[in-house]
1. Considering only segment 187-233, state which residues are in contact with a strand residue (DSSP E or B) (Cβ under 8 Å, 6 or more places away or on another chain), closer than 30 Å to Ala162 by Cα and assigned to a loop (DSSP other than H, G, I, E, B).
2. Could you look through segment 309-319, keep only residues that are in a helix (DSSP H, G or I) and small (Gly, Ala, Ser), and pick out the one that is nearest to Gly352 (Cα to Cα)?
3. For segment 250-303, give me each residue that is surrounded by 16 or more Cβ atoms within 10 Å (Cβ to Cβ), aromatic (Phe, Trp, Tyr) and in a helix (DSSP H, G or I).
4. For the subset of segment 180-212 comprising residues that are charged (D, E, K, R) and at pLDDT 95 or above, which member is farthest from Asn223 (Cα to Cα)?
5. May I ask you to list the residues in segment 234-249 that are part of a loop (DSSP other than H, G, I, E, B) and at pLDDT 95 or above?
6. For Lys376, are the conditions met, namely being surrounded by 17 or more Cβ atoms within 10 Å (Cβ to Cβ), of a type in the set (Lys, Arg) and modelled with pLDDT of 95 or more?
7. Going by what's in this entry, would Glu266 be described as assigned by TED's automatic domain parsing to the domain that holds Ile309 and at pLDDT below 95?
8. Could you grab me the full set of residues in segment 239-284 that are aromatic (Phe, Trp, Tyr) and under 14 Å from Phe358 (Cβ atoms)?
Amino acid sequence: MQNKNILYLSYDGMTDPLGQSQVLPYIIGLSKKGFCFTLISFEKPSRFAANKSLIENICIENGIDWQPIPFSSKPPFLSKYYDIYMMERKAVNLHKHKKFAMVHCRSYISAGIGVKLKKRFGIKYFFDMRGFWVDERVDGGMWNLNNPFFKLAYKYYKNQEASYITNADAIVSLTEAGKEEIQNWDSYNKNNIGVIPCSADFQLFPVNNGERKALARALLGINKDSLVISYLGSIGTWYLLDEMLEAYVFIKNKFPNSRFLFITPEPPEMVYEKADKLGLQREEFIIKFAKRAEVALFASASDINLFFIKQSYSKIASSPTKLGEVLALGIPVVCNSRVGDVKDIIEFTESGITIDEFNKESYEKIVDHIPELLKKDSVSIRSKAEEYYLLDNAIEKYCTLYQEVLQ
C-alpha cells in the first residue's frame, strides 16, 4: 500500500490571510484525495490568538495534523535562524513517528529543511517555490548589493537556491515564464516542473451582477452613477501606488464622476499623503479594510480594477493572487505587463488591457479604453478565467505531481 503521509512546511502562518487563501484550501483538497497531511507553520502571536480556534477546527474537520510554532521576530535576522532550527527539529521528531513519504516545502526557507530530510531519511522532496525569493530581496530593495553583508547573503542564498532546484523530486512554478527561466539554469537537472498559479476561490468570489454592485455601493456610500476604480490588497514594496494615482488623475479628468476604492489593510494616510501631492481630493477615495469573507462584496462595487506592479527580473515568476480573485468576480482589469504571465492571461480572458510603461501615453491609452472595458461581460470573463484560476484545477495538478513523485 502506497505511503501517502505528507509533511507540509510553511513559514507563512495559517492564521494569516495568506495561509487561509493560498495554503489551507490546497491541503484540504488534497486530503480529500487520500493524502494524509501534517502541517508545520509559523504563527504570529496576535493573529494566532485571534484565529487559533478557527484554524484548529478547519484542520480537525479535514484530518490535518496542524503543528503551529510561534513566529519569532527578535533579535532581527538571528530570529529567522532560530525559527529554521525549530522547524527542522519538529520535522525530524515527527518523521520518527509518522515516516513521511514526502515533504512539501512552500518557498525557500522550508526548502533547506526539505533537502536535509531527503538526504538524511530518503524522503521525497517537493519544492513549491512561490517565486524567485532571493532575487526578490534585491529587486524589492530589501538587499542592497553595494552593502558587503547583503552581497554575501545574496551569493550564499543563490547557491542554496541551486541546491533546492537540483535536489527537488518535483518543482512548482507559479508561471510559465518562471518555468522557462528555471529550465535555463545550470542547477536544473530535468526534474519535473509543474505550473500552478495562485488560485482563486470561485465560491468565495461569485460573479458580479447589478444587484451585488448596488448592495456594495450602498454599504460603501458610493453613488450608483459613479465610475468606480478599485484596488485590492496590500500597498507596499511591489505595488506602485504613485503610478496608480497618476493613472487615476487621467481617468478623473475624463470622467469627473470617478471614485477610487481601496480595499486594503493599510492605513488610509498611506493613500491620502500621495493623493494630496497630486491635487486629488480625499473625498474621492473610499479606503476600506475588509475581512476575507467581505472582500468579494466590497469589490463588487467596482466598474474596473486597477493595479500596477514593479517590473523586475524576479517578477517573471510572480502570480498576483488579486488577479484571479478579480477575474472570478468578472470585473475588467487594467494592469501592467512584464509580470509573470499576466499579459497572456489578460489577453486569453479578454478581460482588460495591459500597459508596458508608466507614462502619459500609457495613461491616455487606459482612458481611451474605458468605454470598451465597461461593456465587458462579467460572466464571460469569469468563465475564461476558470482555466487558470479555479482551485479544483490546481488541486488536480498538485495531485498529479504528488502521484508522479510517490509512484
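The values are calculated or read from the model by the stated rules, or taken from the named source; none is laboratory data. All values derive from a computational prediction rather than experimental measurement. Glycine gets a Cβ as well: all are built from the backbone with ideal geometry, and neighbour counts include every protein chain shown.
1. Within segment 187-233, Asn191, Ile196, Ser199 meet the criteria.
2. Ala317
3. Phe250, Phe298
4. Asp186
5. Across segment 234-249, the qualifying residue is only Leu240.
6. On the way: surrounded by 17 or more Cβ atoms within 10 Å (Cβ to Cβ): yes; of a type in the set (Lys, Arg): yes; modelled with pLDDT of 95 or more: yes.
Answer is yes for this residue.
7. Yes.
8. To start, the set of residues in segment 239-284 that are aromatic (Phe, Trp, Tyr) comprises 239, 248, 250, 255, 260, 262, 272.
Of everything in segment 239-284, those that are aromatic (Phe, Trp, Tyr) and under 14 Å from Phe358 (Cβ atoms) turn out to be Tyr239, Tyr248, Phe250.
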